[in-house]
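Note sheet for the following structure.
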Amino acid sequence: MKILLAADGSKFTKKALAFLMTHEGLAGPTDELVVLHVQAPVPSRVAKLLGSAAIKDYHADEAAKVLGPIERFLARHPVRSRCTWKVGIAADEIVSTAKSEKAHMIVMGTHGHGLVGRALLGSVAQKVVTQCDIPLLLVK
C-alpha cells in the first residue's frame, strides 16, 4: 500500500507518524510512505524584493526543519519512505500529490479545533475530505 502522510511539523504530525509506525498493517516493510510538507507561498511583493534564489533557499530551509527529523525517525523503521515538499495551498497540494502518487490512503494529524475553530480558521483536513475520494485517516 502507498500512503501519503501530510506533515506540517506539529505535534499532530508526530502523532500521526507514530500511529502509522505502531500499526504494522498500515505501514510495514512492503508498503511505501510518501511524506509531504506543504508551505504557503511567499507574498509576491516580498518575492520580488528578495529574488527567486532567496525564496527557493528559504523554502528549502523550512522544509528541512520539518522533514529532517521525520527522515531520521523513518530511517529507524522498516518502511520504504521518501520525503518531499511543495509550495502552495496545503489542501490542494495534498490532494494533487495523493492523486499523482496514486496513493491508497492519506494520513494527517488533525489539530481538532472543533466546529467553531473550523468555521473561523478553516481546516486543511476538512478541505482534503471534500476535495478527494482517496481514503483519509485523521489522527488526533
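Percent of Cα pairs in region 1-48 per distance bin of 5 Å, from zero to the largest separation: 5, 18, 22, 18, 11, 8, 7, 5, 4, 1. Counted by neighbouring Cβ atoms within 10 Å, the residues Leu137, Leu17 run from fewest to most as Leu137, Leu17. Among the trypsin sites (Lys or Arg not before Pro) in region 3-82, those placed in a DSSP loop whose Cβ has at most 15 other Cβ atoms within 10 Å are Arg76. Given N residues in the chain, what is its alpha carbon radius of gyration divided by 2.2 N^0.38 Å? Normalised by 2.2 N^0.38 Å, the Cα Rg of the chain equals 1.07.
Each value in this text was obtained by applying a stated rule to the coordinates, not by laboratory testing. Because the structure is predicted, anything quoted here is derived from the model rather than measured. Note that each Cβ is placed from the backbone with ideal geometry, even for glycine, and that neighbours are counted across all protein chains shown.
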